[in-house]
1. Which order do THR498, THR14 fall in if you start with the one that has the fewest other Cβ atoms within 10 Å?
2. Among the listed pairs LYS258/LYS401; LYS237/LYS281; LYS318/LYS369; LYS284/LYS515, which have their C-alpha atoms separated by more than 22 angstrom in this model?
3. Round to a whole angstrom and tell me the spacing of the C-alpha centers of the range 149-225 and the range 440-465.
4. Rounded, prolate or oblate: which fits the range 177-222, taking a ≥ b ≥ c as square roots of the Cα gyration tensor eigenvalues, rounded meaning a/c under 1.5, else prolate when a/b beats b/c?
5. In what sequence do VAL479, VAL135 fall when counting other Cβ within 10 Å, fewest first?
6. Please state, to two decimals, what the Cα-based radius of gyration of the chain comes to when divided by 2.2 N^0.38 Å (N = residues).
7. Do the sum for the chain: with -39,500 (n - 2.57) for every DSSP H run of n ≥ 4, divided by all residues, what is the mean residue ellipticity at 222 nm, to the nearest 500 deg cm²/dmol?
8. Shape of the range 26-172 from its Cα gyration tensor (a ≥ b ≥ c, root eigenvalues): rounded if a/c is under 1.5, otherwise prolate when a/b > b/c, or oblate?
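Nothing in this text is a laboratory measurement; each read-out follows from the coordinates by a stated rule. What you see is a predicted model; the values in this text were computed from it and never measured. Heads up, the Cβs are rebuilt from the backbone with ideal geometry, glycines too, and the neighbour counts pull from every protein chain shown.
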Amino acid sequence: MTSDASDPIPPHKTFDTILVLDFGSQYSHLITRRLRELNVYSEMLPCTQKIADLGWTPKGVILSGGPYSVYWDDAPHVDPAVFELNVPILGICYGLQEIAWTFDNKNVLAGEKREYGHAYLKVERHGDGETGGHVDKLFADWEDNTEVWMSHGDKLGHLPTDFITVATTSNAPFAGIAHTSKKYYGIQFHPEVTHTPKGKVLLKNFAVDICEAQTNWTMSKFVDQEIERIRKLVGPKGQVIGAVSGGVDSTVAAKLMKEAIGDRFHAVLVDNGVLRLNEAKTVKETLTAGLGINLTVIDASELFLGRLAGVKDDPEKKRKIIGNTFIEIFQEEAKKIAAAAHETSNAGEIEWLLQGTLYPDVIESISFKGPSATIKTHHNVGGLPKDMNLKLIEPLRELFKDEVRELGMNLGIPEDLVWRHPFPGPGIAIRILGEVTPEQVRIAREADHIFIEEIKAAGLYRNISQAFAALLPVKAVGVMGDKRVHDQVIALRAVETTDFMTADWYPFDGAFLKKVSRRIVNEVNGVCRVVYDITSKPPGTIEME
Ligand code: GLN
């Protein structure tokens, strides 16, 4: 499969763009996010990017932080051509040190003391006099003693030639520096993290006031441009196929395709027998009647459940069975749709495969991992095989999750779908610990349905990032209606997280848990106990298998 390199109008060609060059800091992508929250479009590329190969001119460049020391022999360095672009440049931490290194060789050294955590920043203003005022712009609207967040061990020995100090902390005499005639700035702290409360003001000062980037990156503008882009890419006859799951990403991508090329986009929903209660039906209604998407639903539940029978102790095996069966069915269906489309209309062959890849996946594949590490190639999110010979179309590949949600609202996708919790591809098969049988599926589904219903009724659904009921592979004793029972145990799991890399369990109040537990035991046949999972991630994972 090829990626859409033939892209006719990428956003950096139509929106003023701030380029973030990534030196491998764990926060680099946050710089891009913050700028987009300010409605300024921003893209991240590795620090090794050759400026001559860029093919477009950014309005400004930000050099990120990074784990290296600029004075190491194998330290990464920015293409010096960046200083010939004639646009403002802001260096953050390693980026500041890189600017100092470039302008004043060997001017960075290891500090005596590492500085990690909060510091209080004092702004030094210079007035309009000698510099024409641009040096004060970075810290406009900042007060003295503003909290900033530091994470560094190296420091500048002295000011580089033609730079002046614009901010200090008690430990960092060069917490902020600016070039006296060019719009080059460096800061030792991280404005992109929430621990620097005024960080966004600084990024706005840089992007909007100094770089003069327009604040026109909005989802309504993106929709129009993206529809235009898809139409050009696919052409007047081209056909696209894509799997949908009822999750926010695939639904938004599908709706966008529908708006762009109507019924030449073919959505396929595979019912694998381990979807949530009534899900195949609800998704079908929303996508077809509600959103007008050309959808084929394939009920393959028997095939999936048949293949899952007898698999007890190996969660990976469950995942593989479900993944492979899915591919098999999707491919068969793609052939059928292609044949039918060919016969009934003068449409072209199906050449394109829709994927709901998001920007974090792209970032993950391009972020700078250092001189020795190999850069990971982008994994195929849907896991579809190469021999399908389809070109990829990824309309969400420039967007963060919150932007996808906003886009969804913009496209008229119902709010409860836009805010849906993530649901794994292998479905509740990996929430049924032990063997997946139709009876176990029934129990897990019903319990999950009650839990989610109560979370919604309590107005907590959006506070929680992901919640579900799992079925444990054990039995416990209980008394129901004066009779001794020996039945199964449901484990409830609910977590809060911003990035799904780490997560905390959600602190429900006792009355809420009591209500959910009572309902599940009363209403779900086969369950006599309910427990709540109080494991964070790490050491736990969000899903149970
Ligand atoms: N490695 C450099 C230092 O320790 C830069 C750190 C950073 O960019 N966060 O100062």
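1. By the 10 Å Cβ count, ascending, the order reads THR498, THR14.
2. Over 22 Å Cα-Cα: LYS237/LYS281; LYS318/LYS369; LYS284/LYS515.
3. Each part's Cα centre sits 44 Å from the other's.
4. oblate
5. VAL479, VAL135
6. Normalised by 2.2 N^0.38 Å, the Cα Rg of the chain equals 1.12.
7. -9000 deg cm²/dmol
8. rounded
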